[in-house]
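The values are calculated or read from the model by the stated rules, or taken from the named source; none is laboratory data. Fair warning: this is a prediction, and the values are worked out from it, not measured in the lab. Here the Cβ positions follow ideal geometry from the backbone for every residue, glycine too, while neighbour counts run over all protein chains shown.
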Amino acid sequence: MGAEPTLLSAGITDPADLTALAARERLATGALSAVELTISCLRRIAAREETVQAWTCLDEQLALTQAQQLDAYRQTGRPLGPLHGLPVGIKDIIDTQDLPTENGNALDAGRQPEQDAAIVTRLRTAGAVILGKTVTTECAFLAPAKTRNPHNPGHTPGGSSSGSAAAVASGMVPFAVGTQTGGSVIRPASYCGVVGFKPTFGLVPRNGVLRTSRRLDTVGTFGRTIEDAALLADALAGCDPGDPDTRPMAPPRLLETALSEPPVTPQLAFVRTPAWADIDPDCAEGFAELVEALGDACDEVGLPDVFAEGATAHRRIMMADIAHNLRRYYDRGSERLAAQTRSAIEEGRSIAAVDYLAANDWREPLYAGLQEIFERFDAIVTPAAPGEAPLGLGSTGSAAFNVLWSLTGVPAVTLPLLTGANGMPVGVQLVGPRNDDGRLLRTARWLVRSLGA
């Protein structure tokens, strides 16, 4: 791993245990160096990777070189970037010019992009250390990859951002970047017991990210805390000409807003959603206790029957878009694709154009229905997954509690607040109105503190 630092920072037994926000403070003052923190993360990976298998590409010397350069930069006295010296994991569907990007796909083995994705450029500009590439399921779809759940390696970590969630959960890296088309940030965060944040659709550019569905793909973040997820998302957000779904806007100031105090006590709407039939009994019991604990700050709100159309609309859009965007893999070597990916492409090819267009028409009417809730409540509270991570590695679990929010493009965050019958984490998902991501994170932070009290 290169030369050892001469001295670990006073009072810190293992820098890898620091949250990103706490590490940033020490890095800014010089109490901790980027090399120290990077070496600590690499040690943690060496100790746990054989069991967890969160990484698909890890270049230790490249990571240390970045850290050394950042430490040298700090000595110049010039202003530091908001992520100065912080190691980050990057999902392996996001292009990196100095590390392979293989999209979890045998047909892309050894693929080396010529330039960084827009968000990787932003990470480097912010001073982050690109620690390595985290495991993704094949083409960010459903075929399970090698990653195991850090809480019990016999259980799935979820998908498709399996490596990003597991790397953060096992303390290998302070935070990581993932993507969501169905439930690929929120579900693995729930299963692995970390904070997962899916911003408003279009807040973070996707130029240089494998496209599965232009209408659904969203870049998200994983952290040990709400503050860490917000800090990372702040660095990624903003308009980019390479992504036509981003918009010119002022910086969202997610961390600043998340750290502020709500002007009044937030009011939450407990929404079961049409997926409630899939809920595990212990998860349902946990939410009943949660709603009771919140008292006057939470009311149960039902969704009109029309919301049952959301899952069908989402599936039609996703499958048709996958068939279009991944057709090059199917045409090059369908026999080398996982059965799940191959079946998705074939299903997408069978969807009639009129049905695809009709599915897209559901997005705004359903969001209009959600807006009526957001006029009365600060956020919706609902499960992040049917329950704890299922036993076995043949599936990445169900996205039933995520697809409605992916379809409507609203921000969502999951918090590791509950525990299932087998002692595995269960996430509580909060959902907010579009383009009010900071307020959603502030409400989430209030919820964590309220339950702690």
Quiz item: Regarding Leu203, is this residue buried (at least 24 other Cβ atoms within 10 Å of the Cβ), more than 10 Å from the chain's Cα centre (by Cα) and either on the phi > 0 side of the Ramachandran plot or modelled with pLDDT of 95 or more (or both)?
Solution: yes
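To keep it simple, each residue is scored yes or no on (1) assigned to a loop (DSSP other than H, G, I, E, B); (2) over 16 Å from the mean Cα position of the chain (by Cα).
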residue	(1), (2)
Arg376	yes, yes
Thr382	no, yes
Ala385	yes, no
Ala389	yes, yes
Thr396	yes, no
Phe401	yes, no
Leu404	no, yes
Val410	yes, no
Val413	no, no
Exercise. Filter the stretch 236-256 down to the residues that are under 12 Å from Ala118 (Cβ atoms) and among the charged types (D, E, K, R), then identify the one that is surrounded by the fewest Cβ atoms within 10 Å (Cβ to Cβ).
Key: Asp240
Quiz item: Of these, Asp116, Asp71, which one is modelled with pLDDT of 95 or more, of a type in the set (Asp, Glu), buried (at least 17 other Cβ atoms within 10 Å of the Cβ) and in contact with a strand residue (DSSP E or B) (Cβ under 7 Å, 6 or more places away or on another chain)?
Solution: Asp116
Quiz item: So, of the residues in the stretch 273-294 that are within 16 Å of Gly427 (Cβ to Cβ) and of a type in the set (D, E, K, R), which turns out to be surrounded by the fewest Cβ atoms within 10 Å (Cβ to Cβ)?
Solution: Glu289
Quiz item: Are there any helices (runs of 4 or more DSSP H) wholly within the stretch 239-354 with 2 or more residues that are touching a residue at least 60 places away in the same chain (Cβ under 8 Å) and under 29 Å from Pro205 (Cα atoms), and if so which?
Solution: 254-259, 309-325, 327-333, 339-349
Quiz item: Within the stretch 59-66, is even one residue of a type in the set (D, E, K, R), touching a Lys or Arg at 6+ places or on another chain (Cβ under 9 Å) and part of a loop (DSSP other than H, G, I, E, B)?
Solution: no
Practice problem: Residue by residue through the stretch 412-444, note down the ones that are under 17 Å from Ala166 (Cα atoms) and in contact with a Cys (Cβ under 8 Å, 6 or more places away or on another chain). | Solution: Pro425, Val426
